[in-house]
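The values are calculated or read from the model by the stated rules, or taken from the named source; none is laboratory data. Owing to the predicted nature of the structure, the values given are computational and were not obtained by experimental measurement. Positions of Cβ are backbone-derived with ideal geometry, glycine not excepted, and every protein chain shown enters the neighbour counts. Remember, those area values only see protein heavy atoms, side chains included, never the ligands or the DNA or RNA. Shrake-Rupley method; radii C 1.70, N 1.55, O 1.52, S 1.80 Å.
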Amino acid sequence: MRSKKSWIMALALTSVLALSACGNNGGNNTAANGGNAGASSAPTETSGAEVSGSILASGSTALQPLVEQVAEKFMEKNAGVDIQVQGGGSGTGLTQVAEKQVDIGNSDVFAEEKLKDADAEKAKALVDHQVAVVAIAAVAHPDAGVDNLTKQQLVDIFTGKITNWKEVGGADQKIQIINRPASSGTRATFEKFALGTKTEDLPGSIQEDSSGTVKKMIGETPGAIGYLALSYLDESVKTLNYDSVEPSVDNVVSGKYPVWAYEHMYTNGEPNATVKAFLDYFLTDEVQNGDVTELGYIPANKMQVSRDVEGTVTNK
Amino acid sequence: MRAQSSKSRIEKHHIEDLIGRSYMSFCVLLLIVSIVSMVYFVTSRGISTFAIDKVSFSDFFFGTNWSPEGDHPSFGALPFIAGSFITTLLAALIASPLSICAALFMTEIVPGWGKKLLQPVIELLSGIPSVVYGFVGLSVIVPFLRNVFPGQGIGVAAGALVLSVMILPTITSVAADALSALPQNLKESSFALGATRWQTIARVIIPTTLPAILTGVVLGMARAFGEALAVQMVIGNAPFIPTSLFESASTLTSVITLGMGNTTMGSPQNNALWSMALVLMLMTFLFVFIVRMLEKRRSI
């Protein structure tokens with residue numbers, strides 16, 4: 001009897017430990033993208049009481065605050081609609097929408113970039129709704145003594161060829177890279193549009209998954225360099241110009257500053273009436289010039305250029 | 001009349017008994033089903049790295065190159081396994097002497113106010129969420145290490161220090177329980193033979209309670225091994241085996257938390273993360289097994 005009891009205790013203990021080990025999926029993953037180009041339907045004001053039903057959205061934690069805030073407003077206008085927004089990361093959002101577990105999958109990257117090879121078929125079924133744009137700037141510790149880096153200089157820094165700030169005209173200070181994890185959407189955007197190449201993790205580099213932590217690390221670590229979404233920039237870090245272009249909202253909108261990406265909300269097939277009404281509401285001026293701007297994203301409908309999954313930029 | 005009421009009372013007992021028994025059976029069944037399904041889920045996911053993606057065991061467990069996003073993906077998990085073991089062992093090395101001293105202080109040196117003051121404080125430590133530990137580590141320990149030692153402060157040492165504070169309460173409370181459960185006459189006979197307090201502690205109390213104290217250490221190590229968020233914030237997460245205490249490294253848990261949400265279910269990288277979760281689970285089993293062995297030794 002005693003040993004039986006102790007076995008049950010051991011099993012229970014194991015389960016609790018194992019749960020606590022894997023349950024900690026807390027990374028705050030602020031990322032990069034935004035968008036608009038693909039949305040075909042003209043945004044219209046949705047009037048209340050027309051639609052009802054429930055919507056479940058999950059995915060990108062970078063997009064989550066915006067979707068939550070807009071969902072709140074939409075539910076106020078449409079009493080019959082219940083919207084739940086979950087985080088979990090872009091990969092989770094895309095997986096769940098592809099498997100029809102949720103109505104909307106939020107992602108920082110194009111579905112085709114995450115659902116590759118065996119999953120490529122799944123990506124074809126997904127319909128892209130680009131609701132905002134996020135621009136990313138290279139930032140450095142204020143004492144680095146540099147305020148502009150060329151594309152080549154950035155590539156050399158992030159591939160480990162340049163290891164001291166004095167090589168790019170700054171202080172005599174070792175460069176410390178503060179990176180995002182290899183699977184991060186922000187890192188993918190930065191590598192694709194600022195560096196033009198994927199980079200390997202270097203020994204001694206630091207990876208943090210939350211933009212808040214990245215900013216804190218860059219501000220406190222002498223010689224640090226990293227990259228952050230525009231909404232996170234402030235006095236504690238030095239924002240670097242890219243090829244002499246300032247990372248400002250105006251430069252992003254006009255297409256001068258290239259390091260930006262869409263925030264996507266994917267549906268599996270064409271959305272039903274309720275989901276469509278919600279997505280349309282996202283693209284109204286009220287939301288785009290209100291909530292989107294307020295939370296530090298760039299309105300998708302303001303962009304003067306558009307970009308496809310291959311990265312080809314066209315003027316609108 | 002009397003017979004009837006006693007009969008109905010008996011029936012009530014029966015009903016209560018039945019309700020209690022079925023509720024408990026239900027709970028136990030639920031527990032067993034959830035444990036079995038969880039173990040099955042983690043195992044099946046974890047094995048698919050080897051079964052579906054054809055990554056070889058030796059590449060995974062002994063490969064040092066982790067680049068799942070590259071053109072030639074490679075899934076060497078050795079740096080993370082090494083990182084987990086190094087931080088866990090270091091944390092146990094730092095925390096164990098402190099915890100054992102705290103437990104001795106509470107039970108042997110100053111059992112009165114020492115226990116009243118120290119115990120709530122130590123119990124408080126175990127209630128603090130790990131993100132707070134991570135943030136304190138990032139704001140206090142990392143700048144301290146950066147100023148005193150070479151490197152950027154972030155790294156194995158910072159991770160081990162944060163973990164050691166987190167496992168302190170586990171070891172202390174298990175050790176204190178064991179010490180206070182020690183039969184009084186053992187100590188009294190030691191004093192009666194003319195032994196000093198120090199001799200009694202070193203020669204009688206510690207040897208007798210050692211298996212129980214070790215149980216606490218192993219439980220603490222199990223906690224340290226599974227801790228994710230706080231370590232992830234301060235260890236740096238570079239996928240390399242650290243060559244110094246002040247170099248950025250990764251643990252199994254930190255890689256899982258960083259990658260899980262950003263990868264799609266079923267992709268090779270996601271499967272590799274599940275394989276690491278499987279390694280974590282097996283390690284937990286091992287820790288529990290060790291605890292059971294220690295307890296068996298104690299009961300003899």
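I'd like to compare A:61-68, B:117-124: which one has the highest average count of other Cβ atoms within 10 Å, and what's the full order after that? Can you show the working numbers first?
Details: A:61-68: 24.6, B:117-124: 13.4.
So the peptides A:61-68, B:117-124, ranked by packing, come out A:61-68, B:117-124.
Determine, for each peptide in A:172-180, B:250-258, the mean count of other beta carbons within 10 angstrom over its residues, then list the peptides with the highest first. Intermediate values should be presented prior to the final figure.
Details: A:172-180: 21.3, B:250-258: 27.8.
Answer by packing, highest mean first, reads B:250-258, A:172-180.
Would you list the P(r) distribution for region A:57-109, with all Cα-Cα distances sorted into 10 Å bins from 0 and each bin expressed as a whole %?
Percent of Cα pairs in each bin: 30, 48, 21, 0.
Starting from the Cα of A:Lys73, draw a straight line to each of the lysines and keep only those under 16 Å, dropping any in the same chain fewer than 8 residues away.
Within reach: A:Lys276.
Using the Cα centre of region B:155-247 as origin and beta-carbon charges of +1 (Lys, Arg) and -1 (Asp, Glu), tell me which of B:Thr196, B:Ser180, B:Ala160 is placed farthest towards the positive end of the dipole.
Most positive-ward Cα: B:Thr196.
Plugging the Kirkwood radius over Cα pairs into Stokes-Einstein for chain B, at a temperature of 37 °C and a viscosity of 0.692 mPa s, what D comes out in µm²/s? Mind showing how you got there, number by number?
Numbers: Rh = 22.3 Å.
Once the numbers are plugged in, D ends up at 147 µm²/s.
What aspartates and glutamates could a cross-link reach from A:Lys166, if we take a straight Cα to Cα line under 14 Å and drop same-chain neighbours fewer than 8 places away?
Within the straight-line cut-off, A:Lys166 pairs with A:Asp143, A:Asp147, A:Asp156.
If I model a spin label as a point 7 Å beyond the Cα along the Cα-Cβ vector, how far apart are those points for A:Lys116 and A:Asp172 in nm?
Computed distance between label sites A:Lys116 and A:Asp172 equals 4.3 nm.
Hey, how many Å between the Cα centroid of region A:268-316 and the Cα centroid of region A:151-169?
The two parts, judged by their Cα centres, are 35 Å apart.
Can you give the FRET efficiency to the nearest 0.05 for A:Glu99 and B:Met293, using r as the Cβ-Cβ distance and R₀ = 45 Å? List each step's numbers first, then the result.
Numbers: r = 43 Å, r/R0 = 0.96.
Here the calculated transfer efficiency is 0.55.
Across peptide B:248-260, how many C-beta atoms of other chains are within 10 Å of each residue C-beta, on average? Working shown, then result.
On the way: counts 10, 2, 3, 0, 1, 3, 5, 2, 4, 8, 12, 8, 9.
If you average over the peptide's residues, the count of other-chain Cβ atoms is 5.
Residue by residue through A:195-208, how many Cβ atoms from other chains fall within 10 Å of the Cβ on average? Can you show the working numbers first?
Numbers: counts 0, 0, 0, 4, 1, 6, 9, 3, 9, 14, 6, 10, 12, 8.
Other-chain Cβ atoms within 10 Å of each residue's Cβ, averaged: 6.
If you take the alpha carbon radius of gyration of the protein assembly as shown and divide it by 2.2 N^0.38 Å, what ratio comes out, to two decimals?
Compared with the compact-globule rule of thumb, the protein assembly as shown sits at 1.12.
Counting only other chains, and only Cβ atoms inside 10 Å, what mean value do you get across the residues of B:275-281?
On the way: counts 0, 1, 3, 0, 0, 4, 6.
Averaged over the peptide's residues, the number is 2.
Once you have a ≥ b ≥ c as the square roots of the Cα gyration tensor eigenvalues for region A:135-254, tell me rounded if a/c is under 1.5, and otherwise prolate or oblate according to whether a/b is larger than b/c. Don't skip to the end; give the middle numbers.
Working: a/c = 1.19, a/b = 1.10, b/c = 1.09.
Rounded shape, in that the Cα axes give a/c under 1.5.
Under a 1.4 Å probe, what is the accessible area of region B:130-224 per residue, stated in Å²? Display every interim value, and only then the final one.
Values: 4020 Å² over 95 residues.
Value for region B:130-224: 42 Å² per residue.
Note the full-extension length gain between A:Lys151 and A:Ser236 as 0.36 nm times their separation in residues minus their Cα-Cα distance, in nm to one decimal.
Working: separation 85, 0.36 × 85 = 30.60 nm, distance 2.36 nm.
Separation in residues times 0.36 nm, less the Cα-Cα distance, equals 28.2 nm.
I need the peptides A:86-97, A:109-120 ranked by packing, meaning the mean over residues of other C-beta atoms within 10 angstrom, with the highest value on top. Write down the numbers at each step before the final one.
On the way: A:86-97: 27.3, A:109-120: 18.3.
Result, highest mean Cβ count within 10 Å first: A:86-97, A:109-120.
Of A:Lys151/A:Lys192; A:Lys116/A:Lys151; A:Lys114/A:Lys192, which ones are farther than 20 Å apart at the Cα? Don't skip to the answer; put the middle values down first.
Numbers: A:Lys151/A:Lys192 11 Å; A:Lys116/A:Lys151 28 Å; A:Lys114/A:Lys192 14 Å.
Checking Cα-Cα distances, A:Lys116/A:Lys151 exceed 20 Å.
Using the heavy atoms of the protein chains and a 1.4 angstrom probe, tell me the accessible area per residue for region A:135-254 in square angstrom. Kindly include the intermediate steps, with their values, before the conclusion.
Values: 4270 Å² over 120 residues.
Per residue, region A:135-254 has an accessible area of 36 Å².
How much of the accessible area of the protein assembly as shown, probe 1.4 Å, is carbon plus sulfur, in whole percent?
Values: 17090 of 27890 Å².
The C+S portion of the solvent-accessible surface of the protein assembly as shown is 61 percent.
Roughly how far apart, in whole Å, are the Cα centres of region B:245-299 and region B:52-112?
9
Restricting to DSSP H runs of at least four residues, report the calculated mean residue ellipticity at 222 nm for chain B, -39500 (n - 2.57) per run over all residues, nearest 500 deg cm²/dmol. Can you show the working numbers first?
Working: 12 runs with 214 residues, N = 300.
The per-residue figure over chain B is -24000 deg cm²/dmol.
Could you name the aspartates and glutamates whose alpha carbon sits less than 14 Å from that of A:Lys161, not counting residues in the same chain fewer than 8 places away?
The qualifying aspartates and glutamates are A:Glu200, A:Asp201.
Please give the total accessible area that chains B and A bury against each other, computed with a 1.4 Å probe and expressed in Å² to the nearest 100.
Details: alone 16880 and 14860 Å², together 27890 Å².
Counting both chains, the buried surface is close to 3900 Å².
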